[in-house]
Every structure is written in C-alpha cells, then in structure tokens.
Amino acid sequence: MAVPKPTSPLEIAAVAVGAVFALFIVVPLVPLVLDLVVGVFRGFFDVIVPGGRTYS
C-alpha cells in the first residue's frame, strides 16, 4: 500500500514534526536498546555455558 505524499502545509508540518521527534527521541534510545539486547544475550550464555566468563 503506497503512502500518499503530503500536499497541504499542515501535512508537511506534521511530517517535519515527526522527523524531529524521531531524530531527538528515538535515535538516542537505539544504544540503550542495543545494550539491553547484548546484556540479555551475554547473561543468557553466562548461565548456560559452564565456567562462563570471568569478570576480573
């Protein structure tokens, strides 16, 4: 399904606000989400693998 291009000034402003929201709110959260995923992955394998990783 194709997304229609914004035609009115109000629609263009809404697209601009959405882009700013994505830039300043969503993008800074990406490292936190990746850190969470990596932490869960490491924690899972630290429990499963005998001996696991030693944090010294």
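Read the figures in this text as sums done on the coordinates, not as results from a lab. Please read all numbers here as calculations on a predicted model, not as lab measurements.
Observations on the model:
- Degrees, to the nearest 10: 30-48 long Cα axis against longest axis of the chain: 20 degrees
- Among the listed options (i) 4.9; (ii) 3.7; (iii) 7.0, the one matching mean projected area of the Cα convex hull in nm² as calculated from these coordinates is (iii).
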